[in-house]
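Working notes for the structure below.
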Amino acid sequence: MAPLKSLERDYPIIDSNFQQFCASHGIFSVEDFLLHDLYVLVAFVEQQSTSERLKQGITQVLSIIDGQHQPWLNGMELLEDGRQNKHVLSTGCEGIDFLQGGLREGQVTELVGPSSSGKTQVCLQAASNIAKKYTGNVVYLDTCNSFSPQRIAHFIDQILDPPFKEAKCKVLQEVMSSILCHSVFDIFAMLDVLYQLESNLISQMQTGDGRVRLLIVDSMSSLITPILGGSGLHGRALMVSSGFLLKKLAHEHNVAVLVTNHMVGGEGGTLKPALGESWKSIPHVRLLVSRDHGSNICNMSILKHTSMASGKATRFMIHG
Amino acid sequence: MALKAWINGDESAKEMLGRVLTERPFLLLPPFHRVPLRVGNVVEVVGPSHSAKTEILMQAAVSCILPKEWNGVHYGGLEHLVMFLDLDCRFDILRLAQLLKHRIVEANGSNSNVNWDENDVGVWEDIKKEPKIAYDEDLFSTSMRRFLYVRCYNSLEFLATLKTLCHRLQKEREAHGVSVHILMIDSIGAFYWVDRASTSLSLGGTNRKSLSLQSVSEIVVMEIQKLLLVHPMLVLATKPTILGDNYSTSGSKRKWSSQDSSDLRTVTSGSQKLSYREYMPPVWQSFVTHRILVRASDDDLANRRHQNYSIYLSEWSFPSLNFLDKLIVRDAGVFTVS
């Protein structure tokens, strides 16, 4: 947050006298103001000779602070924002679409499942479907070199209507070029991409065609697990702040976010989602995927949902 | 002068009656129903992720924003504002709207077996197309407007919100003609790891405060205390148990035996056991006046009678009532089951 010095140009009331007074109380920036008891500060101001002017300064800083939180909304405004901006995107994957209609923009959906349970297939299918159907951009963060353009082409081929087969090449090209894949192999590379994405989204503020509708991180756990070792303090802090960044991107820019997570052995040998308790409070929706042994029938069930009962389950097929 | 004020007493009987009537205990729905709550109380709902904490808050919010009566129909609400601070950033307005509509329809008693088609998840459209049964759009939107919401993505935004809340609540009170009755915080531990890690990044400087879990908690408590003086409210905060799943497994017990035993809060009730490990700084802990523990039950009762519903357990740990409530969450809200 801004140092007081830099505010002087825009707000003349924050003059050197005011800065000096603040400095004597250990306040150098707007952030320091947040950490202070302003009532105590005002009491100190009363003793000063220039108290009026200093008080105006504090009021000025308070109005700056007022601009630094998210806007106030009431229930109807929230509902309206939801109706207009938070659409449910059909993924083409029967599992997700049956359970909740698709992926909701503004939400972070997590796919949990043991290895080779079909998580990446669901991601690839969702990417193809959303890129084709909504002519939106998809940002795909691939952490294990599992992104497969061939599979994408296959999925697109499946959803194309037969009469348009001759134009297939062109459509395929268009859809493929709207899926942007980034290979990231550590959490810092991911944060880099996400911050870059955020600043692009802020500067463009696009609507309609060509805006980013889906962000996929496959897999989230392979980026986070390596940093959770040791005392775990900084690793967990990074994990939680990445989670908040995803939620912020999702909500502020109306992007649907899909991340994957693997399973680890818990107490008593039962499998449970990796990344522990602190991660649990990050995703809005948590879906469990598993595959019947040796077949391509998958099961999907709701582990957690913001507006639906958990436990609901369905079966779907991954097409070869 | 001071002596005279003392002799004159603090308030007249009329003033006192007025105060007592506005400060009457809240009659809230489960699991708050066991203890009378008043403005100024700070209630913490503690439980692991997925234990219906937010659901419990939303149900209380609906009771608060509904009017007592509307067009001759009794809704039994408090007709006051609710302020919801969303630190988890997972609030689903759709769920609140759904709960509110259920309550409105229920009070009208029009049709007890309304089909709120569960599979129909064309979510946003539902709200508009659903009223096969008539419900009062006006009542719905008036009530929804009493629900105030701010989301915070980090501690600094949270502090910035709190610092400007007093002024803002004043304005809302003037605009609506009623005051905010409940301040909700979902959830208080959201930035725990981030704040703890930022401690080590302390900036130089002699008397400069640095951002840390301790300093943030101190300011949060201080701001809310100051706020409660001007705007008497009930504070409801959720707190996730982020330090591992802690209930009654021998492995976890062993792990903690070396720790300070006061860190581990355990509530025993028959064979069931709800416990959690405290992680918020003492300044927040001592600010809390009531505490409820909740968790999802792995009880098989679920399979017998309430097939599609998960069962949750709730227990008052502060004040300690040796009683375990079983709750289920349905579309229409949280209900106790015996």
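The values are calculated or read from the model by the stated rules, or taken from the named source; none is laboratory data. The structure presented is a predicted model; accordingly, all values stated were derived computationally and were not measured. Here the Cβ positions follow ideal geometry from the backbone for every residue, glycine too, while neighbour counts run over all protein chains shown. Surface areas here come from the heavy atoms of the whole protein model, side chains and all, with no ligands, DNA or RNA. Shrake-Rupley method; radii C 1.70, N 1.55, O 1.52, S 1.80 Å.
Taking the three principal axes of the alpha carbon atoms in segment A:113-202, the coordinate ranges are 46, 36, 16 Å, sorted in descending order.
Distances between placed amide hydrogens fall under 5 Å for A:Val264 paired with A:Lys272, A:Ala274, all partners being 5 or more residues away or on another chain.
For A:Asp37 and A:Asn200, the FRET efficiency from 1/(1 + (r/R0)^6), where r spans their Cβ atoms and R0 equals 35 Å, is about 0.30. Taking the three principal axes of the alpha carbon atoms in segment A:17-111, the coordinate ranges are 72, 28, 18 Å, sorted in descending order. Ordered by solvent-accessible area of protein heavy atoms (1.4 Å probe), largest first, the residues B:Arg95, B:Arg208, A:Arg9 come out as A:Arg9, B:Arg208, B:Arg95.
For the peptide A:244-255, the mean number of other protein chain Cβ atoms found within 10 angstrom of a residue's Cβ is 2. Where Lys and Arg each count +1 and Asp and Glu each count -1, what net charge lies around A:Cys144 among other residues with Cβ under 13 Å from its Cβ? Neighbour charge sum, excluding A:Cys144 itself: -2.
Percent of C-alpha pairs per 10 Å bin in segment A:265-317, short distances first: 21, 44, 32, 3. Given R0 = 30 Å, the distance between the Cβ atoms of B:Glu278 and B:Thr336 translates into a calculated FRET efficiency of 0.65. Within the full protein context, the accessible area of A:Leu180 is estimated at about 80 Å² for a probe radius of 1.4 Å.
Restricting the GluC sites (Glu not before Pro) of segment A:1-110 to loop positions (DSSP other than H, G, I, E, B) with no more than 16 neighbouring Cβ atoms within 10 Å leaves A:Glu8. For A:Arg286, neighbours were defined as the other residues whose beta-carbon sits under 9 Å from its Cβ, and their charges (Lys and Arg +1, Asp and Glu -1) total +1. Per-residue accessible area (protein heavy atoms, 1.4 Å probe) orders A:Asp186, A:Asp32 as A:Asp186, A:Asp32, starting from the largest. Label-to-label distance, A:Ala309 versus A:Leu233, with points set 7 angstrom from Cα along the beta-carbon direction: 4.5 nm. What the phi angles of segment B:231-239 give under the Karplus curve with 6.51, -1.76 and 1.60, with θ = phi - 60°, is a coupling list of 10, x, 9, 8, 9, 10, 10, 9, 9 Hz, glycine and proline written as x.
Residues whose amide H lies under 5 Å from that of A:Ser29, counting only those 5 or more places away or on a different chain, are A:Leu4; hydrogens are built 1.01 Å from N in the peptide plane. Shape class for segment B:134-187, computed from the alpha carbon gyration tensor (a ≥ b ≥ c): oblate, with a/c not under 1.5 and a/b at or below b/c.
The B:Glu174 and A:His293 beta-carbon pair, evaluated with R₀ = 60 Å, returns a calculated FRET efficiency of approximately 0.40.
What you get for segment A:4-66, charging only the Cβ of Lys and Arg (+1) and of Asp and Glu (-1), is a dipole of about 140 debye around the Cα centre.
Averaged over peptide A:270-282, the number of partner chain Cβ atoms lying within 10 Å of each residue's Cβ comes to 4. Report summary: the helix-based calculation at 222 nm, which adds -39500 (n - 2.57) for every DSSP H run with n ≥ 4 and divides by the residues of chain A, gives -13500 deg cm²/dmol.
Would any residue of segment A:26-43 have its amide N under 16 Å from a label point 7 Å out along Cα→Cβ of B:Leu229? List them or say none. Under cut-off, by backbone N: A:37-43. Apply the a/c threshold of 1.5 to the C-alpha gyration tensor of segment A:4-66 and tell me whether it is rounded, prolate or oblate. Rounded shape, in that the Cα axes give a/c under 1.5. Here segment A:75-317 is assigned +1 on the Cβ of each Lys and Arg and -1 on the Cβ of each Asp and Glu. Its dipole about the Cα centre then comes out at about 380 debye. Tell me whether segment A:75-317 comes out rounded, prolate or oblate; compute the Cα gyration tensor, take square roots of the eigenvalues as a ≥ b ≥ c, and use a/c under 1.5 as the rounded threshold. Rounded, because the longest to shortest axis ratio a/c is under 1.5.
Think of chain A as having a plus end and a minus end, set by charges on the Cβ of Lys, Arg, Asp and Glu; of A:Gln121, A:Ile179, A:Leu249, A:Gln121 sits farthest toward the positive end of this dipole.
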